1. Checking the condition over 24 Å from the mean Cα position of the chain (by Cα), among the acidic types (Asp, Glu) and closer than 15 Å to residue 159 by Cα, which residue from 130, 75 passes?
2. Quick one: would you say residue 30 is over 17 Å from the mean Cα position of the chain (by Cα), part of a strand (DSSP E or B) and either modelled with pLDDT of 95 or more or hydroxyl-bearing (Ser, Thr, Tyr) (or both)?
3. Quick check on my filter: what residues within the range 186-207 are in contact (Cβ under 8 Å) with a residue 12 or more places away in the chain and either of a type outside the set (Lys, Arg) or more than 30 Å from residue 315 (Cα to Cα) (or both)?
4. Among the residues of the range 40-54, is there at least one that is free of Cβ contacts under 8 Å to residues at least 40 places away in the same chain, crowded, with 18+ Cβ neighbours inside 10 Å and not assigned by TED's automatic domain parsing to the domain that holds residue 159?
5. Give the number of residues within the range 246-267 that are over 28 Å from residue 329 (Cα atoms) and surrounded by 14 or more Cβ atoms within 10 Å (Cβ to Cβ).
6. Which residue is surrounded by the most Cβ atoms within 10 Å (Cβ to Cβ), if the candidates are limited to the range 103-117 and must be at pLDDT below 95 and of a type in the set (A, V, I, L, M, F, W, C)?
7. Starting from the range 310-325, keep only residues that are under 21 Å from residue 251 (Cα atoms), then list their pairs with residues that are modelled with pLDDT of 95 or more and of a type in the set (Lys, Arg) whose Cβ atoms are within a distance under 7 Å, requiring at least 6 positions of separation or different chains.
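The values are calculated or read from the model by the stated rules, or taken from the named source; none is laboratory data. Since the structure is predicted, the reported quantities are computational estimates derived from the model, not experimental observations. With ideal geometry, Cβ positions are generated from the backbone for all residues, glycine too; neighbour counts draw on all protein chains shown.
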Amino acid sequence: VEPEKHKEGHVWHSIGYPMDFQTYGGSFLYHMEENKVCIGYVVALDYENPHMNIYQEFQKFKQHPAVRPLLEGGECLQYGARTLNEGGLQSMPKLDFPGGVLVGCAAGMLNVPKIKGSHTALKSGMLAGEAVFNAMTACEEEEQGSEPLDLSGYPEALKASWIHDELYKARNIRPGFHGGLLPGLINAGVDTYLFRGNAPWTLRHKRADHESLKPASECPEIEYPKPDGKISFDINTSVYRSGTNHDHDQPAHLRLRDESVPMKINYAEYKGPEGRFCPARVYEYVEDEETKEMKLTINAQNCLHCKACDIKDPTQNINWTVPEGGGGPAYSMM
């Protein structure tokens with residue numbers, strides 16, 4: 001951005017716009033070094049309207065009167081996307097398995113009200129290392145064979161650490177927004193300032209994110225403005241800025257469990273939401289040249305590894321698998 005607009009170290013968060021009052025979403029804007037600004041928008045994947053385009057919502061956000069003046073005259077350097085695990089303590093899976101453990105964001109240790117997870121990731125990694133060391137020491141003393149390490153000491157250590165205490169106090173914030181923005185803010189205020197995170201109840205997530213999507217016929221369509229090429233950009237230009245790349249002759253890492261489902265259900269009932277919740281236009285419904293009927297095309301080489309498709313697909317028909325090593329986005333500033 002222009003030097004006179006830059007305030008190194010300045011942090012700005014917002015909630016709401018451009019989401020409606022029933023959809024959870026918010027932004028972050030960080031002033032970094034060398035006149036650089038990191039800006040992003042997070043949309044909860046439990047949204048209901050299949051016409052919503054997550055990428056376009058971000059472009060719309062940048063046109064807000066409080067944001068656009070900062071970006072005017074600047075240059076977009078890089079683009080990326082990632083799914084955040086924001087379910088909180090009550091959504092954390094079993095943390096250990098034979099020979100391994102889950103740490104950080106992989107285990108869902110993001111503190112939602114703080115919008116922060118790096119500290120819990122670091123601490124959980126330290127606890128995991130200690131658990132591995134203790135398990136290996138025990139194996140040497142008992143002269144065990146080649147069985148996988150028993151790392152059950154890791155979740156026990158984590159529960160006894162400040163990570164559990166911090167996530168416990170924040171556990172009711174995110175579920176409170178299932179009723180909408182205003183009830184969520186009221187719940188957050190009461191839980192934080194009145195109960196100090198120690199309310200005598202724990203709110204639950206009622207359903208998986210993919211189950212929240214409503215049929216397209218029940219939701220209003222959404223019109224998005226065309227990109228201006230200065231503040232807002234077309235998706236192909238943004239994907240190019242991510243530097244993503246995959247070997248074209250490798251097996252596709254995005255697989256369909258049933259190839260008939262996209263047309264029979266996703267397109268027929270939801271108007272093809274894959275093309276709108278993917279931030280890289282990996283999924284496109286195009287007309288078949290021979291049959292003149294619509295079909296789903298998967299541009300796996302565009303994938304940013306955000307994994308939104310695996311989570312939000314209403315039929316859970318998309319299986320995100322690990323691509324060949326070295327493939328994916330080439331982030332240098334994110």
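1. Step by step, each of 130, 75 is checked, and only 130 is over 24 Å from the mean Cα position of the chain (by Cα), among the acidic types (Asp, Glu) and closer than 15 Å to residue 159 by Cα.
2. Yes; evaluated as a whole, the condition is true for this residue.
3. 187, 188, 191, 192, 196, 197, 198, 199, 201, 202, 203, 205
4. yes
5. The number of residues fulfilling the criteria is 4.
6. Residue satisfying both the conditions and the ranking: 112.
7. 317/257; 319/255; 319/257; 320/307; 321/255
Yes/no matrix, rows are residues, columns are (1) closer than 28 Å to residue 25 by Cβ; (2) buried (at least 19 other Cβ atoms within 10 Å of the Cβ); (3) at pLDDT below 95:
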{"position": "146", "(1), (2), (3)": "no, no, yes"}
{"position": "154", "(1), (2), (3)": "no, yes, no"}
{"position": "169", "(1), (2), (3)": "yes, yes, no"}
{"position": "173", "(1), (2), (3)": "yes, yes, no"}
{"position": "195", "(1), (2), (3)": "yes, no, no"}
{"position": "199", "(1), (2), (3)": "yes, no, no"}
